[in-house]
Amino acid sequence: QRGYPCVITMAEPFSIERRKIMRMLGAKVIVTPKAGKGTGMVEKAVELAEKNGWFLCHQFETEANAQFHYDTTGPEIINDLDGVAKLDYWVTGYGTGGTFHGAGKYIKEKSPDTKIVLAEPQAANLIGSGIATERNADGSPASSHPAFKAHPIQGWTPDFIPLVLEKGLDLKLQDEMVEIPSTAGVEMSQALARKEGILTGISGGSTMWAAVETAKKAPEGSVLVAMLPDTGERYLSTPLFADIKAEMNEEELAIARSTPSWILEP
């Protein structure tokens, strides 16, 4: 804890929980209008940094992003399976592209036969479109990508192809692409909670959906790795919890009324 002041720009559609958590940790959160999408969020951060002389992290462009995952995430995956099993598939989505680029590069170096499956929203198939992102001199997006449409996977696929991701794509790391249907991430997240006791967010559910679809086509006995670095608690105000009520339902009320004490009637 170095006590550096931190200002986060965050587009309006991101969950309320994200704003509150950042503020709880001491950051200032500047919410940008929905119409600006991810590029608007980035433009605001650039403006604020230039006006105030602040350090801009450039997480969508900096080489340190992918390098960190090359140094940590990739080795963790390979080391955990060393002497245990051969890694046949690694399945991942992308936000900045740092995990895909960095961990993917390391995995391919150490396990060339591993197939990397990269997923993106069906509604925003930026990579699948084959259209490049227009860039400013620093590598940041110059405009919104024409293939982008709003999608429910928060943290994935902004309205541009990040430079960090593009450099990973240039290395031809991915062997397959999977498009995630709009409702698949939410449905898989809910299923993981109910059936497996895993409380992950929509992005985690989307990654798992892509992994399950990959497993359906993979040879029997294949080993797949998919990471769910997201928690469902960041999504209480989103469609992930839309059908989860705070009040007791009829079944719960019946249980409460089955004994005489302390019944909270509606």
Check your understanding: For residues in segment 189-211 being in contact (Cβ under 8 Å) with a residue 40 or more places away in the chain and open to solvent by less than 40 Å² (accessible area, probe 1.4 Å), which is nearest to LEU87 (Cα to Cα)?
Key -> ALA211
Revision key, fill the gap. LYS20 meets each of (1) open to solvent by less than 70 Å² (accessible area, probe 1.4 Å); (2) assigned to a helix (DSSP H, G or I); (3) free of Cβ contacts under 8 Å to residues at least 60 places away in the same chain with one exception, condition (1)
Point to revise | Set LYS86, LYS44, LYS108: member being open to solvent by 20 Å² or more (accessible area, probe 1.4 Å), of a type in the set (Lys, Arg) and not in a helix (DSSP H, G or I) | key: LYS86
Practice item. Quick one: which residue in PRO5, PRO13 is in contact (Cβ under 8 Å) with a residue 12 or more places away in the chain, in contact with a helix residue (DSSP H, G or I) (Cβ under 7 Å, 6 or more places away or on another chain) and either open to solvent by 40 Å² or more (accessible area, probe 1.4 Å) or not in a strand (DSSP E or B) (or both)? Key: PRO13
Check your understanding: Picking from ALA150, ALA119, ALA132, ALA142, which residue would you name as being touching a strand residue (DSSP E or B) at 6+ places or on another chain (Cβ under 8 Å), hydrophobic (A, V, I, L, M, F, W, C) and open to solvent by 40 Å² or more (accessible area, probe 1.4 Å)?
Key -> ALA142
Check your understanding: So, of the residues in segment 153-175 that are of a type in the set (D, E, K, R) and touching a helix residue (DSSP H, G or I) at 6+ places or on another chain (Cβ under 8 Å), which turns out to be least open to solvent (accessible area, probe 1.4 Å)?
Key -> ASP159
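Scan segment 212-249 residue by residue and report those that are polar (S, T, N, Q) and open to solvent by 50 Å² or more (accessible area, probe 1.4 Å).
The first filter runs over segment 212-249 and keeps only residues polar (S, T, N, Q), leaving 214, 222, 231, 237-238, 249.
Correct list: SER237, ASN249.
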Review point. Got a sec? Which of VAL178, VAL186 is open to solvent by less than 40 Å² (accessible area, probe 1.4 Å), farther than 24 Å from GLU43 by Cα and in contact with an Asp or Glu (Cβ under 7 Å, 6 or more places away or on another chain)?
Key: VAL178
**Study point:** Flag for ALA137 being among the aliphatic types (A, V, I, L, M), over 28 Å from GLY205 (Cβ atoms) and not in a helix (DSSP H, G or I)
**Key:** yes
Practice item. Hey, can you tell me all the residues within segment 16-59 that are more than 21 Å from PRO162 (Cα to Cα), small (Gly, Ala, Ser) and modelled with pLDDT of 95 or more? Key: ALA27, GLY53
Review point. Quick check, is ILE127 under 30 Å from ASN79 (Cβ atoms), part of a helix (DSSP H, G or I) and open to solvent by 30 Å² or more (accessible area, probe 1.4 Å)?
Key: yes
Study note, to complete from the structure: Of the residues in segment 219-266, those that are closer than 30 Å to PRO75 by Cα, aliphatic (A, V, I, L, M) and out of contact with any Leu (no Cβ under 7 Å at 6 or more places or on another chain) come to LEU224, ALA226, MET227, LEU228
**Study point:** Matching residues, segment 89-105, being in contact with a strand residue (DSSP E or B) (Cβ under 6 Å, 6 or more places away or on another chain) and not in a helix (DSSP H, G or I)
**Key:** TYR89, TRP90, VAL91, GLY93
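The values are calculated or read from the model by the stated rules, or taken from the named source; none is laboratory data. Here the structure is a predicted model, which is why all the values come from computation and not from measurement. Cβ sites come from the backbone with ideal geometry, for glycine too, and all protein chains shown count toward neighbours. Only protein heavy atoms, including side chains, enter the accessible area calculation; ligands, DNA and RNA are left aside. Shrake-Rupley method; radii C 1.70, N 1.55, O 1.52, S 1.80 Å.
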